[in-house]
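Here the structure comes first, spelled out in structure tokens, and everything after it is commentary.
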Amino acid sequence: MARSASVHVCSACGHEEPRWHGRCPACGEWNTLVEEVRERAGRASLAASAARKPVTLAHAHAHAPHAPRLATGIGELDRVLGGGVVPGSVVLIGGAPGIGKSTLMNMALGNLAASGRRTLYVSAEESTAQVHLRAARLAGGALDVPAIAETDLEAVLATLERERPEVCVIDSVQTLDARELSGAPGSVGQVREVASRIVTTAKRERIAVLLVGHVTKDGALAGPRVLEHLVDCVLAFEGERERTYRTVRAIKNRFGSTNEVGVFEMRQDGLVEVLDASARFVGAATRAPGSVVLASMEGTRPLLVEVQALVTPSELVPPRRVVNGFDRNRLALVLAVLARHGGIPVGGADVFVNVVGGVRIDEPGADLAVALAVASAQRNVPLGDPARGLPLAAFGELGLTGELRWVGHPERRIAEARKFGLETIVAPPGSEGDEVATLREALALALPRQQRAPQLAA
Ligand code: TYD
Ligand code: MG
């Protein structure tokens, strides 16, 4: 026996209350509580007849479906997914508007259709004519994908059941409308209901669903993380609309690692995979004062990116700290360590730090490169071997006492830097590069001798 009950869910923070309140007790927003109907299992379902017989995990593989993964033909996307889409799985792809989610999904379905898979594109945002216009710009089988434009959840689920595609894109979870719930499409209650109904249908009919979701200003998938536990895999599509490079990374993946990152470039004819991102970034590195090549790891893949810094006298109190592609608080830490342990104070200066190409670096291994870029900018001297046009490479985490700390996969970072002809690779102990134990030693190695002493550099 199932009995339905209703709860009231805050559409701003996801907080639940049994009764309606004018103001959410959790986040304090007004008029955000929305009623949501829940099925509640009755006592009867707890009867002994419902008990299951457990199997040891060693024997559980016999129960696992062995269907091969569906390759989207987009290498970078397949790698992030762990080798393609798992049949019957639900993948949530989040990203800011205009980043290229629909483009990527259309390309993936096009390739799947071209390889003989049954596909379906459900657009709840655009008319099929608009979807057609995009598909016409894309190469591959993008135009061969069957599409519907529909915002009603029931109609979409009924279509899925009748068409039974192997892979389906639903664009987007926020614009589908579950009519039995009050609340506008996109509210937390609606989004959760839409996603869970889609997940149920996907599992039952064994349809792999790529579910598109918009992220809010602060980067959370709307509503606040309510969908992450429902789906098998969450991908974040990041980058800035004005920039060329986009990255796709897995935040959650039941069928693979969450370390992989795919790099794309938005072009006239769609998103193009950037297979050798390092070559691009090193080739474009300026080799001017303030430029350092960071040997970073994006998942299991080493990636060389250029970090640039600019230090200028400030008129402002406090001075500006502008940072792109790197954590602002991390920059504050690096600047503090640089002042205290490196003898390079920038307290009275504006500091700008930029990871070139719109890439966002999320690992502590970036500290040293940022510190060296700021030092180079402050001293106005190029690093590396300017005569031969070779930039300096660096990686390593900075400790608060000025020590340099080991970070993962030093050998792969160094191999990647060597591959592109970089000779000086400033690295923490245990890394087999040009090892240094402290920030002070790193500065001594990187900055030309006459530029090192602060009193000479005025
Ligand atoms: P879109 O996939 O619609 O973004 P989203 O679904 O994430 O909102 O596309 C975003 C932008 O990409 C759009 O403004 C136009 C641009 N674009 C290209 O530059 N080249 C292309 O081939 C396509 C299809 C889009
Ligand atoms: Mg779109």
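The residues in region 304-333 that are in a strand (DSSP E or B) and of a type in the set (A, V, I, L, M) can be counted, and the count is 8.
Is at least one residue of region 288-303 in contact with a Phe, Trp or Tyr (Cβ under 7 Å, 6 or more places away or on another chain) and of a type in the set (A, V, I, L, M, F, W, C)? Yes. Just one of the listed residues (Gly283, Gly290) is closer than 21 Å to Ala394 by Cβ and either among the basic types (Lys, Arg) or surrounded by 13 or more Cβ atoms within 10 Å (Cβ to Cβ) (or both), and it is Gly290.
Per-residue answers, yes or no, for (1) at pLDDT below 95; (2) under 13 Å from Leu294 (Cα atoms); (3) outside any strand (DSSP E or B):
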site: Leu335; (1), (2), (3): no, no, yes
site: His341; (1), (2), (3): no, no, yes
site: Val346; (1), (2), (3): yes, no, yes
site: Phe352; (1), (2), (3): no, no, no
site: Ile361; (1), (2), (3): yes, yes, yes
site: Leu372; (1), (2), (3): no, yes, yes
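State yes or no: is Arg69 more than 14 Å from ligand 2 (Cβ to nearest atom), modelled with pLDDT of 90 or more, under 18 Å from Phe255 (Cα atoms) and among the basic types (Lys, Arg)? When the stated conditions are applied, Arg69 passes them. For region 113-175, the strands (runs of 3 or more DSSP E) that sit wholly inside it and include 2 or more residues that are crowded, with 19+ Cβ neighbours inside 10 Å and more than 14 Å from ligand 1 (Cβ to nearest atom) are 119-123, 167-171. Selection of region 406-420 for residues being more than 24 Å from Gly290 (Cβ to Cβ) and either of a type outside the set (D, E, K, R) or outside any helix (DSSP H, G or I) (or both) yields Trp406, Gly408, His409, Pro410, Ala415.
Of the candidates Ala332, Ala375, the single residue that is in the same structural domain as Thr438 (by TED's automatic domain parsing) and surrounded by fewer than 20 Cβ atoms within 10 Å (Cβ to Cβ) is Ala332. The residues of region 230-269 that are over 12 Å from the mean Cα position of the chain (by Cα), of a type outside the set (D, E, K, R), part of a loop (DSSP other than H, G, I, E, B) and closer than 19 Å to Phe326 by Cα amount to a single one, Thr244. I need the full set of residues from region 270-290 which are outside any helix (DSSP H, G or I) and in contact with a Leu (Cβ under 9 Å, 6 or more places away or on another chain), in order please. Result: Gly270, Leu271, Glu273, Ala285, Arg287, Pro289, Gly290. Looking across region 78-112, the residues that are of a type in the set (A, V, I, L, M, F, W, C), part of a helix (DSSP H, G or I) and away from ligand 2 (no atom under 16 Å from the Cβ) come down to Val80, Leu81, Leu112. So which residues in region 75-88 are surrounded by fewer than 24 Cβ atoms within 10 Å (Cβ to Cβ) and either within 12 Å of ligand 1 (Cβ to nearest atom) or over 16 Å from the mean Cα position of the chain (by Cα) (or both)? Once the filter is applied, which keeps residues that are surrounded by fewer than 24 Cβ atoms within 10 Å (Cβ to Cβ) and either within 12 Å of ligand 1 (Cβ to nearest atom) or over 16 Å from the mean Cα position of the chain (by Cα) (or both), region 75-88 yields Gly75, Gly83, Gly84, Val86, Pro87, Gly88.
Going residue by residue through region 154-164, is there one that turns out to be in the same structural domain as Met266 (by TED's automatic domain parsing), under 23 Å from Glu228 (Cα atoms) and touching a Lys or Arg at 6+ places or on another chain (Cβ under 8 Å)? Yes, region 154-164 has at least one match.
Within region 352-379, residues that are without any contact (Cβ under 8 Å) to a residue 40 or more places away in the chain have Cβ atoms under 6 Å from residues that are not in a strand (DSSP E or B) in these pairs: Asp367/Val334, counting only partners at least 6 apart in sequence or on another chain.
Among the residues that make up region 376-392, is at least one of them under 28 Å from the mean Cα position of the chain (by Cα) and within 25 Å of Thr258 (Cα to Cα)? For region 376-392, residues under 28 Å from the mean Cα position of the chain (by Cα) and within 25 Å of Thr258 (Cα to Cα): absent.
Is it the case that Cys233 is away from ligand 2 (no atom under 16 Å from the Cβ) and modelled with pLDDT of 90 or more? Against the criterion (away from ligand 2 (no atom under 16 Å from the Cβ) and modelled with pLDDT of 90 or more), Cys233 qualifies. For region 113-129, the tally of residues that are more than 9 Å from ligand 2 (Cβ to nearest atom), in contact (Cβ under 8 Å) with a residue 12 or more places away in the chain and more than 22 Å from Gly75 (Cα to Cα) stands at 4. Scanning region 432-448 for residues that are at pLDDT 90 or above and under 19 Å from Val334 (Cβ atoms) gives Val436, Ala437, Thr438, Leu439, Arg440, Glu441, Ala442, Leu443, Ala444, Leu445, Ala446. For Gly183, the requirement of being touching a residue at least 60 places away in the same chain (Cβ under 8 Å) and part of a loop (DSSP other than H, G, I, E, B) is met.
The values are calculated or read from the model by the stated rules, or taken from the named source; none is laboratory data. All values reported here derive from a predicted model rather than from experimental measurement. For neighbour counting, all protein chains shown are included, and Cβ atoms are generated from backbone atoms with ideal geometry for every residue, glycine included.
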